[in-house]
Structures are given as C-alpha cells and as structure tokens.
1. Rank A:Pro211, A:Pro48, A:Pro266 by mean-square fluctuation in a GNM of chain A with C-alpha springs under 10 angstrom and give only the top-ranked residue.
2. In which sequence would A:Val206, B:Val260, A:Val139 go, from the one with the fewest C-beta neighbours within 10 Å to the one with the most?
3. Sum up the charges of everything whose Cβ sits under 13 Å from the Cβ of A:Val132, counting Lys and Arg as +1 and Asp and Glu as -1, but leave A:Val132 out.
4. With the Cα gyration tensor of segment A:161-260 giving a ≥ b ≥ c as the square roots of its eigenvalues, does the rule (a/c under 1.5 for rounded; else a/b larger than b/c for prolate; else oblate) give rounded, prolate or oblate?
5. Taking K and R as +1 and D and E as -1, what net charge do the other residues with C-beta under 9 Å from the C-beta of B:Arg262 add up to?
6. Taking the number of other C-beta atoms within 10 Å as the exposure measure, put A:Leu220, B:Leu134, B:Leu96 in order starting with the fewest.
7. Kindly provide the trypsin sites (Lys or Arg not before Pro) of segment B:170-219 that DSSP labels as loop, not H, G, I, E or B, and whose Cβ sees at most 12 other Cβ atoms within 10 Å.
8. Applying 1/(1 + (r/R0)^6) with R0 = 51 Å to the Cβ-Cβ distance of B:Ile199 and B:Ala51, what FRET efficiency is obtained, to the nearest 0.05?
Amino acid sequence: MNGASLFGRGRLAGRFGLRMALWLLSFVGICAVAPQLVVAFAPGSPSPTDCALRAEDGSYQDRLAPNANHWFGTDRQGCDEFSRVIYGARHSLIVGVGAAVLIALVGMSVGVAAGWRGGWVDAIVRRTGDVVLGIPLVVGMILILAVLVPGQRSATTTVVAFTVLLWPTVARISRAATRSIRTESYIEAARAVGATDVRICLRHVVPNALPPVAAYTASLVGLLIGAEAVLSYLGFAVAGSVVSWGQMMDDAQTYYSRSPHLLILPSVFLSAAVAGFLLLGDAIAQGPAGREIDAS
Amino acid sequence: MTLFVVRRGAGAVATFLSSTVLVFIITFALPGDPARAIAGHRQVTASTLSAIRARYGLDQPLWEQYIRWLGRLFRGDLGESFVARRPVSDMMQEALPVTLTLVVLTVVIEVVLGLVVGASVARRSGQRSDNAVLAVCTIGLSVPLFVVGSLTQDLFGIDLRWLPVAGTRNGIFSYVLPALTLALPGIAIAVRLVRAESITQLRAPHTRTARGKGITEAAILRRHVVRNGSVPFVSFVGLEIGALVGGAIVVERVFNLPGVGRAIAQAISQRDNATIIGFTMAIIAVYLLVDLLTDVATMALDPRIERSS
C-alpha cells in the first residue's frame, strides 16, 4: 500500500479524468486569479461589495432568488451572490494550494532525511508522525485555531495549522520511496564517483521520489479546500472581510429552507474545485510516472 | 505472530503516552483562564480565584498537573468537568454510545454498499461505465458533509417525512440519515477499491491457473479473489474507522446528536480543559486500538506482511 492517492487504489481515470480535472481547474484558476474577467459577463459586472438592502424604489433586496439582474440572487446583506461565489475561489485556493505545498516541502524534507539516514532519525520521525496523525484532523484544527485569538485567524494561520497536523502523510510517502531508491544502482554509482550525501539526495533521491508525493499533494489540495469549509461551518472562519465559500455556506445554513440557493451554489463551486484536484491527483498517480508507484 | 502483536502493542502504548503530552500542552496553551471559567458569570475576588486554582490544582506547575492527571488516568479517573461539574467519565458514558452507534452503522453501510456496488461495476468494466463510476465517486468525495447533511435532512426528513432529522429519540432510526451522510465519501472510496481489487484478482495468473485446473468459478471467487482482495479492504476499513471519528463531529452538529464530537466542540468553546483532554484522548485511544487490530487482521490474512516488517 502506498497511499499516494486519496481515492484508494483506483486504477480508473485515464484521459477522461485528466481532461475533467484540467477543465475544472482552469475555470477555478481563472476565478481565483482574475475574478473581474468572469463577473464582467454578468449584468452590471457586480463585485462582492455591491450590497444594497433596499433598492431605489424602497423594495428589499436581501436574499433574492436568482434572477436576470443577479444570476445567483443576493445574500442576506443584499450583496450579489454570483460575484461573491466567483471571488470566493481565491481564498479557498490560497489556503488549499498554500497548505498542500508547505506540507509537501516539510514532509518531503523530513521523509527523505528519515529514509536516507535510517536509525534513530527515522525512529523519531516515524514515532512523531504516528502521534500527530493519531489526532483527527478536525479535532486538531479546532484545538490549534482556538489557541489563537479570533482576530489573528487568517489564511496564514490556517495553512500553518494544516501543515502541523498533516506533514507526516507526505513524510511517510517520501520515506517509503527513499528507502526503495537507496538500493538502486544509480545511487551506488553516484557514491562511487564521490558525490556527497546532500548532493545525492537533492539530485537523485528527491526527483525520483517526487511522483508519488505530487500525486498525493494534488489530491490533498482538494481535501484541504473541503476541510477549510468545514472549519468555517464549525465556527472557525477567517476573521475580517475575506470572501470565502466556507463563510458563505455557514451563513446560508440559517436560511436554508427559504433560500436554498445560498447554500447550494457556493457548494457546487467548492465541490467542483475539490473534484478537480482529486481527479488531478488520480491522473498523476496513474500517469507514466505513477506506474512505478503501483508496483512498489 | 505473538512477537509481532506484542511489539505493535508496545508501540501503540508508547504512541498513546506521547500524544497525552501533546494534547495536554496544547490544551493548556488555550487562551482564557480556566479558574474564571469555573467561577462562571459571578463577580469573584482574587482570593476566590486562587482558592479555585488550589482546589483544582491549577496553581501547580504544568508538569506536576500532567503527572497527577496521568496517575488518575490509570485509575480510570478522567477528572471533573469545570463547566458541567460532573466527572468526565460520566459524560463519556453518555456521548460514547451515540458516536459508536453512528460510526458502526456508517461502516456497515460502507462495507455492504462498497462490496455490492464495487463487485457489480467490476463485472461491467468498460470505458464508458468506468468513466461513470469515476464521475459518481468523485462527486461523492467532493461535496462537503455538512452540505449533504443539510440536503438529506431537508429532503427525507422535512419534505418527505420519512426519517427523523435531529436528536436520538427515535432509536436506531435517528441514526439512519446521519450514517448515510457520513458514509458517502467512504462508499466512494470502497467502491473504487473493491472494483480495482476484483479486476486485478480475476485477471491474476494464479486465478487463470485455477480455472485451467477446472475449479468452479464459485470456489475461485471464495479461495482466490476474496481472500487476496480482502487485505487492502481490511486496511481501508481500519483507516476509515479512525477517519470517521473526525467526520462525526460535523455530522453530529448537523443532526444535533449528543455525541463525542459535539461534546469536544462545546468543551473547546467553553475552555473546559478536563473534558477536552478526556475526550480527545478517548478518540486517540480508539484510533490506535483500531489501527493495531487492523494490522493484526491484515497479517492473519496475509502472513507475508509479518516477514516484511
């Protein structure tokens, strides 16, 4: 078992999965980088701060159903929901991609070091990883985020908290890869020509251990985007005026039976982003570089 | 085999002890003053606060508090909740059955649906049906649990009035919607796992040999496909039970179930240290125990695992 794919060992995907992933991720990516371009298509190119509780004729504008002027309706403050959903992509991607990349960097450094050195370094890394992974993610996140004063809660603190709790996943994968790479003949050859340990690790071990880590990291982004929304739902949303899908979905809970679109529309976009990353991870795990992952 | 179990068991105990230290430190780093939380909303003098600290041993150094807590833990005493003024073990006796019922029902749903659906899509393997399986499973994994929960609650509970939507008053029926919600991502993983394993095993050389020897298809399934394919499935179920405890927090909140997850979330917001530590350690203990049992079970199914470890 390698755990390189959050899906379990699927062996499905192929080109269909990769194509779906690229479509979904390009769209979410455009929303995150240039939301102005996307909202320009909507009537009046609204922005998340275009909020009006009452229109000029005095009619209430909050929690409107989707209509021609507001494609996704309005939220309880009368803000245009379409623009909020589009602008919300940025926060989710910053947290998801940021945390996954940091987890991959930390986990891989630790994992390669543990797999290469073996002995007590390896023992300490494995034991610490077991302890950290024993704490369920949601419980650990609540504990860490509750330590911080609510005003300090930001994308950065969320990213750091995710990294503290999840670095052992990547450490395990890269450690296992390193253990099997260590015995390859090209490592012996590199050593024979006098390469130092650091050079061998950076030039030979890391590039060869990368495919399983990349596959896991891509799926991890999806998992983290979902987890971030769950934390907002549990009352640990980012402080301040950041537009985020989790915050929007949390707000919508109260009005769900009368304004279901406020919950469903952000969820559809969030799920699309999560699905894109899961499919991408799956496609990497089954691509040419991933063949070896399954064999190990 | 015995040596393996003993070594793994000792490892699990060591991991448990290390995690007590970690959880203890995190909990005491939480903001706010537990003595004030104990005093409640009353206006209290500084001397009352110090009396409370002395009463609960909060004036001692952190490591002394830890040693005393650990000593009590071995006698089965988890301390007293500052907020509820009751022993934590009493609260756990109420919350644990709720969460265990939820998790067990969820795992049963995942295993049954995973096996049935996974095996039947494996028989119809082909490009178009493969893509459909991939698409449906991806959706199952991507939609957040609290959204699925709200939707099922509204549809089956409020519009159709088929099942209860909140609380635990209706016995096992109260758990049907929460368990179905919680099971969704696990079903998606289980279906893919069972499908992939069945296809691999049915095409494996030893299966072909068995067919060549004239063994009946039923015996091939029983002796080769199920036996070999069960190892990854058992480790999936083991990992899943651990992961479900985290998901239970969310589902318990949506369906208002008085379980472990809700108790922890509430204790953290009330800064109820003894309860946070007690419940978190209970979850970690369950997780480690399941992990240990999984390892022993997979080894019993596939003796090669012991030799390689």
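1. Maximum among the listed residues: A:Pro48.
2. A:Val206, A:Val139, B:Val260
3. +2
4. Because a/c hits 1.5 or more and a/b exceeds b/c, segment A:161-260 counts as prolate.
5. Residues near B:Arg262 contribute 0 overall.
6. By the 10 Å Cβ count, ascending, the order reads B:Leu96, B:Leu134, A:Leu220.
7. B:Lys213
8. Efficiency, from the Cβ-Cβ distance: 0.15.
Read-outs: derived from the displayed coordinates by stated rules, not from any lab. Since this is a predicted model, take the numbers as computed values, not measurements. Cβ sites come from the backbone with ideal geometry, for glycine too, and all protein chains shown count toward neighbours.
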